[in-house]
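Worksheet: the structure to be examined is printed underneath.
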Amino acid sequence: MNFSLGFKSVMGDSSSMENLEKQLICPICLEIFTKPVVILPCQHNLCRKCANDVFQASNPLWQNRGSVTVSTGGRFRCPSCRHEVVLDRHGVYGLQRNLLVENIIDIYKSKSTRPLLPKTEQQQLMCDQHEEEKINIYCLICETPTCSMCKVFGAHKDCEVAPLQVIFTRQKTELSDAISILVAGNDRIQALISQMENICRTVEENSRRQMQHISDKFDELYGILEERKRELIETISREQDQKLGHVRSLIRRHGDHLEMSVKLVETAIRSMEEPQMAVFLQSAKEVFKKITDTAKASNTERPEAGYESMAHFIINTENVADMLRGINFQTGKGGEDSVDESPEVLSTSPGQSGESERC
């Protein structure tokens, strides 16, 4: 009774529970001892069923059919310390039960909050080599589930093993952790994809803005060229009007003089036809004076040679054309930021500007 009370403080500590559970594990089946529990002369404990299975496997001539024993005994090697024990004709049934350990197991099961697997679930998988043995341990070397008999006498006798439930819990935890890591990695990848999608949208927006900026710059250049073309064409038109006005005024003046001369010739011809000498002489004198005055007033003014040429209206656009062809993006110390800040892509020297104005 006092022993049961002494375990109350231990049962409340999870680490103590784990340590206690380790002490209650059978070295053959690697599970908590099942009643009855026998104690070997070397003071190690075993499930009697596990000990009997091992004993019968190592002593095939020994059999116990009910109360009839057919044998003189046999040898049994402790699975914990490898100490060899000589058993009498009762075999494992002649070993003493460890009632203390059985009481500890009862108290542990009544106090433990850990869920125990149903008996049917524990015995669900059976060993292929030992049909009556359930698969309850895991070979750490071969990485395969197996049974206790395979560990003691079978293919895994030299391997390191662990309880199947422990490996199951461990690998399930590791898989859960791996899933968590993978999910976290997927979240990071998804965040990276979202970030790159935002970058794509930003690139498209910045590209549209820069293309509009370039279009505005070239529209500005087109406007400057159109304005300058209009001014130069107006200059040519003004000189054309001046020259045409001057020449046309000369044409009108010479035309008037020609008309007057034609009329004077007609008058002189009529005077020549006058039969009366006295009348002829009176009229001829006046006609002759008009002819003399008209001849003196004759004006042969004409435009100078090359007056009609407009060849002096020539502009040299080779430098400007080369400069326009050389328009490119400029990056300053700010890198791409300087392009966003309306970079100057075209400039003219003072000499070129003055030459354009003179044209």
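The values are calculated or read from the model by the stated rules, or taken from the named source; none is laboratory data. Remember, predicted model here, so these are calculated numbers, not experimental data. Every residue, glycine as well, gets a Cβ built from its backbone with ideal geometry; the counts of neighbours run over all protein chains shown.
Does SER249 count as out of contact with any Phe, Trp or Tyr (no Cβ under 6 Å at 6 or more places or on another chain), of a type in the set (Ser, Thr, Tyr) and under 30 Å from ILE315 (Cβ atoms)? Lay out the reasoning, then the answer.
Values: out of contact with any Phe, Trp or Tyr (no Cβ under 6 Å at 6 or more places or on another chain): yes; of a type in the set (Ser, Thr, Tyr): yes; under 30 Å from ILE315 (Cβ atoms): no.
No: the conditions fail for SER249.
Could you pull out the residue among ARG248, ARG209 that is over 60 Å from the mean Cα position of the chain (by Cα) and of a type outside the set (A, V, I, L, M, F, W, C)? Walk me through how you get there before you give the answer.
Working: ARG209 fails: over 60 Å from the mean Cα position of the chain (by Cα).
None of the other options fit; the residue is ARG248.
Filter region 278-307 for residues that are acidic (Asp, Glu) and exposed (fewer than 10 other Cβ atoms within 10 Å of the Cβ); which is nearest to GLU259 (Cα to Cα)?
In this case the residue turns out to be GLU301.
Looking at (1) modelled with pLDDT of 75 or more; (2) surrounded by 14 or more Cβ atoms within 10 Å (Cβ to Cβ), find the lone condition where ILE141 falls short.
(2)
Given the condition assigned to a helix (DSSP H, G or I), of a type in the set (A, V, I, L, M, F, W, C), at pLDDT 75 or above and within 30 Å of ALA57 (Cβ to Cβ), answer yes or no: does some residue in region 168-181 qualify?
Checking region 168-181: at least one residue is assigned to a helix (DSSP H, G or I), of a type in the set (A, V, I, L, M, F, W, C), at pLDDT 75 or above and within 30 Å of ALA57 (Cβ to Cβ).
Quick check on region 246-279: of everything there that is modelled with pLDDT under 85 and of a type in the set (Gly, Ala, Ser), which residue is farthest from TYR307 (Cα to Cα)?
For region 246-279, the residue satisfying everything is ALA278.
Checking SER215 against (1) over 23 Å from the mean Cα position of the chain (by Cα); (2) surrounded by 11 or more Cβ atoms within 10 Å (Cβ to Cβ), only one condition comes out false. Which one?
(2)
Sort out which residues of region 195-246 are out of contact with any Phe, Trp or Tyr (no Cβ under 8 Å at 6 or more places or on another chain) and of a type in the set (A, V, I, L, M), and write them in order of number.
Within region 195-246, MET196, ILE199, VAL203, MET211, ILE214, LEU221, ILE224, LEU225, ILE233, LEU244 qualify.
Hey, GLN330 hits all of (1) at pLDDT below 85; (2) surrounded by 10 or more Cβ atoms within 10 Å (Cβ to Cβ); (3) in the same structural domain as GLN210 (by TED's automatic domain parsing) but one; which does it fall short on?
Failed condition: (3).
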